[in-house]
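**Q** Sharing a structure, written as structure tokens. Questions coming.
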Amino acid sequence: MLNDIEEVLYSEEQIQAKVKELGEVISRDYEGRNPLVICVLKGAFMFLSDLVKRIEVPLEVDFMAVSSYGNSTKSSGVVKIIKDLDVTVEGRDVLIVEDIIDSGLTLSYLVDVLERRNALSVKIVTLFDKPARRTVGLEADYKGFVLPDAFVVGYGLDYAEKYRNLPFIGVLKEAVYS
Ligand code: XMP
Ligand code: MG
């Protein structure tokens, strides 16, 4: 598995330090509120579990699964809800936890869905951002690291369902997917 990694971009320690920082800012912003924290499966599961430990306000967690990629490394542009939320978002302060924003298509669709369901507020926290690849105007409210335009894996992110368990984030060797 490690043989398939070209380069480690951020180590486990660097990621944990950033997650702590994000948690502190979010804790301050949501003081006195009870946000509904939505994990976008599957990629964000590791970030979600580390992040909520650093958020010091009462919160609820729910999960949503959408697909836009299949096993390819490019967005198809078609977003489909595979698993919907268990709870209603009406009147809630919603914080969407995403692993990585690439084209922005997935999140702009999700934000739209949640706003149409009358959430009180909808904000986005993403650990990784690839602004160079954006095709829609979408910015995260909180972001961890800005990444170059390369396919990355680890810390929840996969290629064809593999590599999610790596504790760091790294660039996959091109030979693996080409
Ligand atoms: P869009 O293009 O809609 O895509 O912003 C967001 C989703 O695409 C996946 N994605 C990646 N997954 N390595 C991955 O493992 C990457 O480099 C990568 N870039 C995008 C991811 O699931 C994200 O939720
Ligand atoms: Mg994914």
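**Q** In µm²/s, what is D for the chain at 20 °C and 1.002 mPa s, where D = kT/(6 pi eta Rh) by Stokes-Einstein and Rh is the Kirkwood radius from Cα pairs?
**A** Numbers: Rh = 16.5 Å.
Reported coefficient: 130 µm²/s.
**Q** In 10 Å bins starting at 0, how do the alpha-carbon pair distances of the range 93-178 split up by percent?
**A** 17, 45, 29, 9, 1
**Q** Also, quick follow-up: Distance cut-off 29 Å, Cα to Cα: go down the list LYS123/LYS173; LYS80/LYS123; LYS53/LYS173; LYS20/LYS80 and report the pairs above it. Spell out each step's value before the answer.
**A** Details: LYS123/LYS173 33 Å; LYS80/LYS123 20 Å; LYS53/LYS173 33 Å; LYS20/LYS80 32 Å.
Checking Cα-Cα distances, LYS123/LYS173; LYS53/LYS173; LYS20/LYS80 exceed 29 Å.
**Q** Same structure, new question: What does the convex hull of the Cα atoms come to per residue for the range 4-63, in Å³? Walk me through the numbers on the way to the answer.
**A** Values: hull volume 4.9 nm³, N = 60.
Considering the Cα atoms of the range 4-63, their hull volume per residue is 82 Å³.
**Q** Considering only DSSP states other than H, G, I, E and B, which GluC sites (Glu not before Pro) in the range 86-160 qualify as loop sites with at most 15 other Cβ atoms within 10 Å? Provide the component values of the computation, followed by the final result.
**A** Details: sites: GLU90, GLU98, GLU115, GLU139; in loops: GLU90, GLU139.
The qualifying sites are GLU90, GLU139.
**Q** Determine the gain in length on full extension of the stretch ARG133-ASP112; use 0.36 nm per residue of separation and subtract their C-alpha separation, reporting nm with one decimal. Don't skip to the answer; put the middle values down first.
**A** Numbers: separation 21, 0.36 × 21 = 7.56 nm, distance 2.03 nm.
Difference between extended and current length: 5.5 nm.
**Q** Continuing with the same structure: For the range 82-124, restrict the atom set to alpha-carbon positions and state the Rg and Dmax in Å.
**A** My reading of the Cα-based Rg and Dmax gives 10.4, 29 Å.
Bear in mind these aren't lab numbers, they're just calculated from the coordinates by the rules spelled out. Not measured: the values here are computed from a predicted model. Backbone-built Cβ (ideal geometry, glycine too); neighbour counts: all protein chains shown.
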